[in-house]
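In what follows, a structure is listed as structure tokens, so that the remarks can point back to it.
The values are calculated or read from the model by the stated rules, or taken from the named source; none is laboratory data. Keep in mind it's a predicted model, so treat the numbers as computed, not measured. Quick reminder, even Gly has a Cβ in these numbers, built from the backbone with ideal geometry, and neighbours come from all protein chains shown.
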Amino acid sequence: MVALTLAYPVHTLDGKEILPSGTILSKAVLEEVAARGKEILSPTLPIMEFGTVRRDLLALTGRGVYRTIFGDEAEYLGLIRLLEMTRLPLPVLESIEYYKRHDPYTYNHILLVFALS
């Protein structure tokens, strides 16, 4: 296996360095980082209550071909109820918000994949 070396440091979302540049990404290093990550608990929130996700998702899925894909009114409402139960860690929700601000096409894609899956 080819050893990969970090050209740049890796930081947490709040700026704490996890790995310095020059670190060789061995199996042991990756396992250690993964184990440390499991110790960090982020609050989880319902995705449909975060920012404008509900409004944006309903706008995307409530018309055109997607409206057909999601079935009749009862099936569509069932899907929405299921999506309302989905909770995600705050850093994931913040990354979705990042795409909304900086890359709306990717943001829309994220929402559609969420609904389709």
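Listed by first and then second residue, the pairs with beta-carbon distance under 7 Å, at least 6 apart or on different chains, first residue in the stretch 42-67 and at pLDDT 95 or above, second in a loop (DSSP other than H, G, I, E, B), are PRO46/THR86; ILE47/THR86. Condition check for PHE114 on (1) surrounded by 14 or more Cβ atoms within 10 Å (Cβ to Cβ); (2) of a type outside the set (Val, Ile, Thr); (3) free of Cβ contacts under 8 Å to residues at least 60 places away in the same chain: one failure, at (3).
Residue count for the stretch 64-92, restricted to those that are over 15 Å from LEU112 (Cα atoms) and part of a helix (DSSP H, G or I): 9. Considering each residue of the stretch 2-25 in turn, none proves to be in contact (Cβ under 8 Å) with a residue 24 or more places away in the chain and part of a strand (DSSP E or B). For the stretch 57-91, the tally of residues that are crowded, with 16+ Cβ neighbours inside 10 Å and in contact with a helix residue (DSSP H, G or I) (Cβ under 6 Å, 6 or more places away or on another chain) stands at 6.
Hey, can you tell me all the residues within the stretch 34-63 that are among the β-branched types (Val, Ile, Thr), in contact with a Lys or Arg (Cβ under 9 Å, 6 or more places away or on another chain) and assigned to a loop (DSSP other than H, G, I, E, B)?
If we filter the stretch 34-63 for residues that are among the β-branched types (Val, Ile, Thr), which is where we start, we get 40, 44, 47, 52-53, 61.
Still in the list and also in contact with a Lys or Arg (Cβ under 9 Å, 6 or more places away or on another chain): 44, 47, 52-53, 61.
Passing the criteria: only THR52.
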